[in-house]
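A quick write-up on the structure given underneath.
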Amino acid sequence: MRLNHARYFSLMSKKRAIYLVFVCCLLVQGAKAQPFKAYLSAGQQSAAQKDHYAAMHYLGKALELRPDATQAQYLYAEAARQFNAFELAADAYKKVLDRDKNGEYPLALFWLGAVYRSVGDYAAAEDSYRLFLAKYPDGENAGLAREALASCQWAMGQTPDHYVLKALSKNINSGFSEFAPLMAGDTLYFTSYKFDYKEDTRKPKRKLSKAMMSVKGGRGKLLSKPFNQEEDKHTAHVALSLNKKRLYYTICEFISAADIRCSIYYREKDKRNRWKEPAIKLPNSINAPGYTATQPAIGYDSLLQKEVLYFVSDRPGGKGFLDIWASTIETGDNKFGEPFPLEDINTSGNDVTPFFHTPTQTLYFSCDCRQGFGGYDIYRSHASGDVVALPAPFNSSYNDLYFSCGSDPKSGFLASNRPGTQFLDPALKACCNDIFEFTYVPPPPPVDEPLAGNEPPPLPSVPDFETKQPELPRKLEDFLPLALYFDNDEPDKRTRKTTTRQTYAQTYERYYARKSEYITEYTDPLKEADKEEAEILMDVFFEDKVNKGYEWLLRFSEILHERLVAGDRVEIFIKGFTSPRAQSDYNLSLGRRRISSLRNHFDTYREGLFSSYLKSGQLIITERSFGEATAAAGVSDDLFDLRNSVFSIGAANERRVEIVEIKSQ
């Protein structure tokens, strides 16, 4: 179902309504002769301004004077539903249905079903939708009722995936809305809707959103100057370019009492690693005049072979209220390709909060108009174009938005107003979003059922003579040797240090993003037939070696954890390799830095899952760097021959570390 508040920049501006309870007090006080009508009118005015909490307040006062007033009861139910006070809404709709003998409020039954669905009571929702369709088979919202009924039946048949969700601590979350999480290294960027609009002329003053950050799980703090400087505007939705040197964000302003319009800006870092002044507003092709542009996200599209900006807008040309658009990021200052809507993604409802996962070329987003659990659900779409709803616990019957993850999609963040969030008004159990962290928990190994004593053994299966894809490794030893590949002189260029703070995932993501550049640099001098063959070979190298190596590292880590939990003592032996472009002592240091990045992977994997095993000695990592000494013969060491010493497959194949041996007790 469509939620009108999704039109605004954060999809969660309802919280501001809590502070507008007394907006119409003078109106009420001046109408003592007719207090019921005054309260009813004040509630209707608040609802028209989308101040649903204030509407509930005034309509509640009206019902105290006339508890049998069905119109006031229905309006109260509507306000409570739109404020996400679902328990109060359900109670009010049921009172309307008990009193409405003449069918004056036919949608009460439909919205009661919607409320039940919103709290995950799919059986009760199904009953309400069926009764509504029986009474009004061709009435208003009949089509939506059939869609919702199908979604309830679908949701009841879903099985939760092996993930756990946990709300972040009060270092991040508050009684206000926190949303738009994005992890970059050890820093979590997010937005909080809790700051006073000090110069607001409205009474009481409204709230503003500001961009924030938390380092290593510490208390959230405002992004420092030059960000968050607009005292009458919202600053929200941080996104980073792939090289982390450009930061995109939105600045949003009130255009009415409740409506907000956003524009996307960016800043770049100077030579001293400071954010430049002034902020650059993206061109009108992105920030269409008179329309909102918000929720920027950055990814590298391997088909377009370019960095891409994804964003959300209500501009013409889409399918619904809010749609997801994309634009290529071109070379130069403020240069972008012509934006285009994502036709296979967008619906007639609201499609919002895009996040592009570059390693898997997958777009994650939220929508309120597809088959799902209820409210906003999170979906993913790969290059094939298929759109798939994420399972529980990612999705719930509540609003689930702002999915994001690092290189490993098995851990990350989302925002939701599901149970477990903090409330400003606990009596209502309504309103606001918190940031949740999700992590993967491997399922327990299957237990073989012993055969009953008198049962004969099963017949042997018929051999399958069809060609089968090779199975994924199931034991640590099956991965060996596990090769992981690096960009030239990475990690940490031009240094003789033997350690790095980077993890292998960080180096992999940047390296994989350069795939198209490697193909171009290596194949440009070749003639047509040779060029086509070389392009294929380079593509195969990146997919079958670089990308596959990283995916296998994640699988290796899962199985390693299972072995450690089972009590095994495991020792991992790693070798480092380099291409011969520098002196041997430099290459030895470089090989050790590469091993260091892999050690960092195990140190930081899933927030230190292996830390206790490393400290206790149950997990041991033994390393040795071989540098240039082990580089294959024929690989160029000519510093001026970049094509063969950097961009060739032969040279790229030498820049690696390998897990070469496993010892287990």
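The values are calculated or read from the model by the stated rules, or taken from the named source; none is laboratory data. No experiment lies behind these values; they were computed from the predicted model shown. Note that each Cβ is placed from the backbone with ideal geometry, even for glycine, and that neighbours are counted across all protein chains shown.
Among what's in region 297-326 and is surrounded by fewer than 19 Cβ atoms within 10 Å (Cβ to Cβ), within 22 Å of the chain's Cα centre (by Cα) and small (Gly, Ala, Ser), pick the residue that is farthest from Tyr248 (Cα to Cα). For region 297-326, the residue satisfying everything is Gly320.
Entry remark, region 238-272: residues being closer than 15 Å to Leu223 by Cα and either among the aliphatic types (A, V, I, L, M) or more than 22 Å from the chain's Cα centre (by Cα) (or both) number 8 in total.
Examine region 502-525 for a residue that is in a helix (DSSP H, G or I), under 19 Å from Leu619 (Cβ atoms) and not hydroxyl-bearing (Ser, Thr, Tyr), and state whether such a residue exists. So far as region 502-525 goes, yes, one or more of its residues are in a helix (DSSP H, G or I), under 19 Å from Leu619 (Cβ atoms) and not hydroxyl-bearing (Ser, Thr, Tyr). Inspect all residues belonging to region 523-535 and state whether any of them is at pLDDT below 90, surrounded by 12 or more Cβ atoms within 10 Å (Cβ to Cβ), β-branched (Val, Ile, Thr) and more than 17 Å from Glu551 (Cα to Cα). Scanning region 523-535, I find at least one residue that is at pLDDT below 90, surrounded by 12 or more Cβ atoms within 10 Å (Cβ to Cβ), β-branched (Val, Ile, Thr) and more than 17 Å from Glu551 (Cα to Cα), so the answer is yes. Mind checking whether some residue in region 82-98 is under 21 Å from Asn395 (Cβ atoms), crowded, with 23+ Cβ neighbours inside 10 Å and among the polar types (S, T, N, Q)? Within region 82-98 (the criterion being under 21 Å from Asn395 (Cβ atoms), crowded, with 23+ Cβ neighbours inside 10 Å and among the polar types (S, T, N, Q)), the answer is yes, since at least one residue qualifies. Going residue by residue through region 476-495, is there one that turns out to be closer than 18 Å to Asn600 by Cβ and exposed (fewer than 15 other Cβ atoms within 10 Å of the Cβ)? Yes: region 476-495 contains one or more residues that are closer than 18 Å to Asn600 by Cβ and exposed (fewer than 15 other Cβ atoms within 10 Å of the Cβ).
Any idea which residue in region 262-285 is surrounded by the most Cβ atoms within 10 Å (Cβ to Cβ), counting only those that are among the aromatic types (Phe, Trp, Tyr) and under 20 Å from Asp232 (Cα atoms)?
So the residue we want is Tyr266.
Considering region 319-361, the residues that are outside any strand (DSSP E or B) and touching a Lys or Arg at 6+ places or on another chain (Cβ under 7 Å) include one that is nearest to Glu509 (Cα to Cα), namely Asn346. In region 99-135, of all residues being in a loop (DSSP other than H, G, I, E, B) and within 16 Å of Gly374 (Cα to Cα), the one that is farthest from the chain's Cα centre (by Cα) corresponds to Asp121. For region 199-213, residues that are out of contact with any Phe, Trp or Tyr (no Cβ under 7 Å at 6 or more places or on another chain) and under 15 Å from Ala184 (Cβ atoms) total 0. Looking at region 60-82, is at least one residue modelled with pLDDT under 95, in contact with a Cys (Cβ under 7 Å, 6 or more places away or on another chain) and not β-branched (Val, Ile, Thr)? No, region 60-82 contains no residue that is modelled with pLDDT under 95, in contact with a Cys (Cβ under 7 Å, 6 or more places away or on another chain) and not β-branched (Val, Ile, Thr).
Within region 45-73, track down each residue that is surrounded by fewer than 17 Cβ atoms within 10 Å (Cβ to Cβ) and part of a helix (DSSP H, G or I). The answer is Gln45, Ala48, Glu64, Leu65, Gln71. I want to confirm something. Restricting to region 500-514 and keeping residues that are out of contact with any Asp or Glu (no Cβ under 8 Å at 6 or more places or on another chain) and charged (D, E, K, R), which single residue is surrounded by the most Cβ atoms within 10 Å (Cβ to Cβ)? Per the criteria, the residue is Glu509.
Residues in region 152-196 that are within 16 Å of the chain's Cα centre (by Cα) and assigned to a helix (DSSP H, G or I): 0 in all.
Considering region 238-261, and only residues there that are among the β-branched types (Val, Ile, Thr) and surrounded by 15 or more Cβ atoms within 10 Å (Cβ to Cβ), the residue that is nearest to His52 (Cα to Cα) turns out to be Ile260. Within the option set Ala430, Ala483, Ala452, being in the same structural domain as Tyr402 (by TED's automatic domain parsing), small (Gly, Ala, Ser) and either in contact with a Gly (Cβ under 6 Å, 6 or more places away or on another chain) or at pLDDT below 90 (or both) holds for one residue only, Ala430.
Exactly one residue among Arg593, Arg606, Arg563 is in contact with a Leu (Cβ under 9 Å, 6 or more places away or on another chain), among the charged types (D, E, K, R) and more than 20 Å from Tyr300 (Cβ to Cβ), and that residue is Arg563.
Being closer than 23 Å to Gln371 by Cα, among the β-branched types (Val, Ile, Thr), touching a helix residue (DSSP H, G or I) at 6+ places or on another chain (Cβ under 8 Å) and assigned to a helix (DSSP H, G or I) is the requirement here; does Val96 meet it? Before the answer, list the steps.
Values: closer than 23 Å to Gln371 by Cα: no; among the β-branched types (Val, Ile, Thr): yes; touching a helix residue (DSSP H, G or I) at 6+ places or on another chain (Cβ under 8 Å): yes; assigned to a helix (DSSP H, G or I): yes.
The answer is no for Val96.
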